[in-house]
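Read the structure below first, then the notes.
The values are calculated or read from the model by the stated rules, or taken from the named source; none is laboratory data. This is a predicted model, so every value here is computed, not measured. With ideal geometry, Cβ positions are generated from the backbone for all residues, glycine too; neighbour counts draw on all protein chains shown. Side chains are part of the model used for accessible areas, which takes the heavy atoms of the whole protein and leaves out ligands, DNA and RNA. Shrake-Rupley method; radii C 1.70, N 1.55, O 1.52, S 1.80 Å.
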Amino acid sequence: MLNYALNRVLTLVPTLLAASFLVFMFIHLIPGDPASILLGDTATPEEVAELSRELGLDEPLWTQYVLWLGNVLQGDLGTSVFFREPVLSVIADGAETSVLLATMTMFWIVVFGVPIGIISAIRHGSWVDQATSGGAMLFASVPTFWLGLYLILIFSVGLGWFPSSGFPSLADEGGASNLRYLVLPSLTLAAPNAALIIRLIRASMLDVSREDHVRTARAKGLHPVRVAIRHVFRNALIAVSAAFGFTFAALVSEAVVTETVFSLPGIGRLVVQSILRRDYPVIQGVILIIVVFYMAINLLVDLAYASLDPRVSLK
Amino acid sequence: MALLDIRDLDLRIARGRELLPVVQGVSLAVEENETLGIVGESGCGKSLTALAIMGLLEGSVVRIAGGSVHFRGRDLLALSPDERRRVMGDQMAMIFQEPMTSLNPVYRVGDQIREAILQHRRMSRKQARDRALDLLELVRIPDPLRRIDSFPHQMSGGQRQRVMIAMALACDPKLLIADEPTTALDVTVQKEVLELMRSLQARNGMSIVLISHDLGVVSEICDKVAVMYRGKIVEQASTSTLFSNMSHPYTLGLLGSIPSTDHDVEWLDAIPGRVPTLDEAVPGCAFHPRCFAANESCRSADPSASAVSPAHIVRCHFPQGSSS
Ligand SMILES: Nc1ncnc2c1ncn2[C@@H]1O[C@H](COP(=O)(O)OP(=O)(O)O)[C@@H](O)[C@H]1O
Ligand SMILES: [Mg+2]
């Protein structure tokens, strides 16, 4: 297992290199000169040229890339043009919000998605199943911003149970109780994803329940619930584990909308703002980190897959 | 009193709003320590009959529309699902036609056998593992101490079927239902598995219902034989009576299609055509379109079951070999 993991990590190196190259090139193809945008309309061409030189923008693109890559390998993602701070610390500021938001979202997805998925598979065709399938369909198709606004309207403006925007750090006054700021955003993010997981668990369990070995399990005289969990769900989990990984990865992009709706100081919002500000070192840094994150999720999914299915050999 | 006594079993398949009859008026009896063979081509309703006896039709499209299944004096069809499950895997067990897919791919075979034991017996997990080890030895799996921790995909079809047999024997059942247990296996492995079942029967003192489409297999280990065609039993007798006095043209046809062992597996296609599907209505005797002896009465009237001799029942207007 460990060997397999190490091997996989090594094979990621060329992929990562290619990805970093694409990220870099892509950002530099965005129209608009960062230096003139930063200085505003009133800047003289001389001032713009001066700043360009300072930022290294006058070098050929490939030189810029090699320099950037060299710095990245040493853990230096550059300096934010807008904040005039190291990119890494700008990202770290947003990371707390985003990581907590993602974790809480995954928590809801597991807590709601897994049991409801199992129940609707066990009771497929019943009114319970029809109600959850209908609900899942609804939540899967509702746009995130719409759901977010409705949750704010009901639970924040109407009932006053949860705050509607912002997120003070856990280190600030209020401590762990500040997590309540993330309840509505995480529910917003969780709803469509939980709906997908419910439908996926239901479909995979129905597939597995038609397999021969389930008939064998029933022939032992096992209770139907035991058959459903230990035999059907356990096998369905192999297919579902991959979806969990990709759901988590997809949260990254969905978080952009949610963080905007709820004015959360997270990475999603940082990306949007940095694009508007042409703060390309930050954009590059965030995208690079997201790429690494995706690859890590991919690796974890493969490892989970291998540990759930003994037929997958770890070569 | 017979160990298993089935009377007038009727099964129907729900298709749309219709209920298509798929097994009709099947009556069978199995005594203690006896082996009953059920033969017939594919699609004749053998598996569904077996699943109905075992209690595995629940939740499928197949309905039990009538009849009774008495096992050790109790009508299984009248039991609650909980009571039914107490019989399944304990006093009655089943093995299937598909050894490659009948074991759960994610659990070690030893754990799967242990689950069958612990479902019905009170013992520690350690004791149950020892019992699983004994069972693997009993079904002649080489190197059981290592094999007990194997996953199904690490075993051959023949070995997996042995594991299935071990699992079925976990609680010393009184009745073993074997639905084409050797059909998916190589010829040499087939022989070994049949031989194994026969020796286990002698050792454990259990009854077997052996389903096969191969009259040759059945003739080797069964005490009596029921021949099924399109959901009905068309001939039933002790094995010796059946082979000395075959009466139904379908049985004769099946005999003609026994693969001859001299020239590998060569099917003598003795019965023209195929089994009609469920929604093809056949007036009169369901076999008449394929029967060499059919005449007008076969086309108009379905023959009822009659005894050509005591304990030899035939469903045919013109039983062969008897008087005429
Ligand atoms: N789950 C099912 N749904 C629809 N038709 C079925 C189902 N199971 C069996 N049948 C039909 O019932 C008939 C008898 O099937 P089966 O008992 O499996 O035959 P056998 O075991 O003798 O080959 C066949 O025509 C088959 O197509
Ligand atoms: Mg069958």
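Is it true that some residue in region B:67-87 is assigned by TED's automatic domain parsing to the domain that holds B:V209, closer than 22 Å to B:L194 by Cα and open to solvent by less than 30 Å² (accessible area, probe 1.4 Å)?
First pass over region B:67-87, keeping only residues assigned by TED's automatic domain parsing to the domain that holds B:V209: B:67-87.
Then drop every residue that is not closer than 22 Å to B:L194 by Cα, which leaves none.
Looking for residues that are assigned by TED's automatic domain parsing to the domain that holds B:V209, closer than 22 Å to B:L194 by Cα and open to solvent by less than 30 Å² (accessible area, probe 1.4 Å), one finds none in region B:67-87, hence no.
Is it the case that some residue within region B:109-131 is of a type in the set (D, E), away from chain A (no Cβ under 13 Å), closer than 20 Å to B:C171 by Cα and surrounded by fewer than 21 Cβ atoms within 10 Å (Cβ to Cβ)?
Taking region B:109-131 and keeping what is of a type in the set (D, E), we get B:111, B:115, B:130.
Retained after the next criterion (residues that are away from chain A (no Cβ under 13 Å)): B:130.
Subset that is closer than 20 Å to B:C171 by Cα: B:130.
Add one more test, that the residue is surrounded by fewer than 21 Cβ atoms within 10 Å (Cβ to Cβ), and what stays is B:130.
Yes, the conditions are met somewhere in region B:109-131.
Quick one: which helices (runs of 4 or more DSSP H) sit completely within region B:147-265 and have at least 2 residues that are within 14 Å of chain A (Cβ to nearest Cβ) and out of contact with any Ser or Thr (no Cβ under 8 Å at 6 or more places or on another chain)? Break it down stepwise before answering.
Details: elements: B:157-168, B:187-204, B:215-221, B:239-244, B:249-256.
Output list reads B:157-168.
Are any residues in region B:132-146 crowded, with 18+ Cβ neighbours inside 10 Å and more than 14 Å from chain A (Cβ to nearest Cβ), and if so, which ones?
Taking region B:132-146 and keeping what is crowded, with 18+ Cβ neighbours inside 10 Å, we get B:132-133, B:135-136, B:138-139, B:141, B:144.
Within region B:132-146, B:L133, B:L136, B:L138, B:V139, B:I141, B:P144 meet the criteria.
Which of the following residues is at pLDDT below 90 and not small (G, A, S): B:D143, B:D214, B:D172, B:D130?
Matching residue, one of B:D143, B:D214, B:D172, B:D130: B:D214.
Here is a list: B:G45, B:G66, B:G73. Which entry is closer than 18 Å to B:M228 by Cβ, in contact (Cβ under 8 Å) with a residue 12 or more places away in the chain and away from ligand 1 (no atom under 16 Å from the Cβ)?
Values: B:G45 fails: away from ligand 1 (no atom under 16 Å from the Cβ); B:G73 fails: closer than 18 Å to B:M228 by Cβ.
So the residue among B:G45, B:G66, B:G73 that is closer than 18 Å to B:M228 by Cβ, in contact (Cβ under 8 Å) with a residue 12 or more places away in the chain and away from ligand 1 (no atom under 16 Å from the Cβ) is B:G66.
Being among the small types (G, A, S), without any contact (Cβ under 8 Å) to a residue 60 or more places away in the chain and either touching a Lys or Arg at 6+ places or on another chain (Cβ under 9 Å) or away from ligand 2 (no atom under 16 Å from the Cβ) (or both), is that true of even one residue in region B:82-97? Give the steps one after another, and end with the answer.
Within region B:82-97, the subset among the small types (G, A, S) is B:89, B:93.
From the residues that got through so far, the ones that are without any contact (Cβ under 8 Å) to a residue 60 or more places away in the chain too are none.
For region B:82-97, residues among the small types (G, A, S), without any contact (Cβ under 8 Å) to a residue 60 or more places away in the chain and either touching a Lys or Arg at 6+ places or on another chain (Cβ under 9 Å) or away from ligand 2 (no atom under 16 Å from the Cβ) (or both): absent.
Sort through B:Q97, B:Q91 and tell me the only one that's within 13 Å of another protein chain (Cβ to nearest Cβ) and more than 16 Å from ligand 1 (Cβ to nearest atom).
Working: B:Q97 fails: more than 16 Å from ligand 1 (Cβ to nearest atom).
Just a single option satisfies the conditions, and that option is B:Q91.
Does A:T216 satisfy the criteria of being in a helix (DSSP H, G or I), crowded, with 18+ Cβ neighbours inside 10 Å and modelled with pLDDT of 85 or more? Walk me through how you get there before you give the answer.
Working: in a helix (DSSP H, G or I): yes; crowded, with 18+ Cβ neighbours inside 10 Å: yes; modelled with pLDDT of 85 or more: yes.
Answer is yes for this residue.
Of a type in the set (S, T, N, Q), open to solvent by 20 Å² or more (accessible area, probe 1.4 Å) and without any contact (Cβ under 8 Å) to a residue 24 or more places away in the chain - does that describe any residue in region A:176-184? Talk me through it step by step, then tell me what you get.
Let us first name the residues in region A:176-184 that are of a type in the set (S, T, N, Q), namely A:177-178.
Okay, now just the ones that are also open to solvent by 20 Å² or more (accessible area, probe 1.4 Å), so A:177.
Filter once more, so that each one left must be without any contact (Cβ under 8 Å) to a residue 24 or more places away in the chain: A:177.
Yes, region A:176-184 contains a residue that is of a type in the set (S, T, N, Q), open to solvent by 20 Å² or more (accessible area, probe 1.4 Å) and without any contact (Cβ under 8 Å) to a residue 24 or more places away in the chain.
Return the residues of region A:192-213 that are assigned to a helix (DSSP H, G or I) and at the interface with chain B (Cβ under 8 Å from one of its Cβ atoms); say none if nothing qualifies. Reasoning before the result, please.
Here is the first cut: in region A:192-213, the ones assigned to a helix (DSSP H, G or I) are A:192-209, A:212-213.
Matches in region A:192-213: A:D212, A:H213.
Restrict the check to region B:282-290 and report whether at least one residue is under 22 Å from the mean Cα position of the chain (by Cα) and at pLDDT 85 or above. Lay out the reasoning, then the answer.
Initial filter on region B:282-290 (under 22 Å from the mean Cα position of the chain (by Cα)): B:286-287.
Next cut, at pLDDT 85 or above only: B:286-287.
There is at least one residue in region B:282-290 that is under 22 Å from the mean Cα position of the chain (by Cα) and at pLDDT 85 or above.
Have a look at A:L170, A:L222 and point out the one that is part of a loop (DSSP other than H, G, I, E, B) and either open to solvent by less than 10 Å² (accessible area, probe 1.4 Å) or modelled with pLDDT of 90 or more (or both). Before you say what the answer is, go through the steps one by one.
Working: A:L170 fails: either open to solvent by less than 10 Å² (accessible area, probe 1.4 Å) or modelled with pLDDT of 90 or more (or both).
Only one candidate qualifies: A:L222.
Using the structure shown, decide if B:L118 is touching a residue at least 24 places away in the same chain (Cβ under 8 Å), out of contact with any Asp or Glu (no Cβ under 7 Å at 6 or more places or on another chain) and hydrophobic (A, V, I, L, M, F, W, C).
It is false that B:L118 is touching a residue at least 24 places away in the same chain (Cβ under 8 Å), out of contact with any Asp or Glu (no Cβ under 7 Å at 6 or more places or on another chain) and hydrophobic (A, V, I, L, M, F, W, C).
Which condition does B:H213 not pass, out of (1) within 16 Å of ligand 1 (Cβ to nearest atom); (2) out of contact with any Gly (no Cβ under 9 Å at 6 or more places or on another chain); (3) open to solvent by 10 Å² or more (accessible area, probe 1.4 Å), if it passes all the others?
Every condition holds for B:H213 apart from (2).
So that you can scan it fast, the table gives a plain yes or no per residue for (1) at pLDDT 80 or above; (2) open to solvent by 80 Å² or more (accessible area, probe 1.4 Å):
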{"site": "A:G40", "(1), (2)": "no, no"}
{"site": "A:E46", "(1), (2)": "yes, yes"}
{"site": "A:P86", "(1), (2)": "yes, no"}
{"site": "A:G113", "(1), (2)": "yes, no"}
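Which of (1) open to solvent by 30 Å² or more (accessible area, probe 1.4 Å); (2) within 14 Å of another protein chain (Cβ to nearest Cβ); (3) of a type in the set (G, A, S) does A:S263 not meet, given it meets every other one?
Against the list (1) open to solvent by 30 Å² or more (accessible area, probe 1.4 Å); (2) within 14 Å of another protein chain (Cβ to nearest Cβ); (3) of a type in the set (G, A, S), A:S263 comes up short only on (2).
Tally the residues that are away from ligand 2 (no atom under 16 Å from the Cβ), open to solvent by 20 Å² or more (accessible area, probe 1.4 Å) and in contact with a strand residue (DSSP E or B) (Cβ under 9 Å, 6 or more places away or on another chain), restricting the search to region B:36-65.
3
Among the numbered criteria (1) more than 16 Å from the chain's Cα centre (by Cα); (2) surrounded by fewer than 21 Cβ atoms within 10 Å (Cβ to Cβ); (3) away from ligand 1 (no atom under 15 Å from the Cβ), which single criterion is violated by B:N33?
(1)
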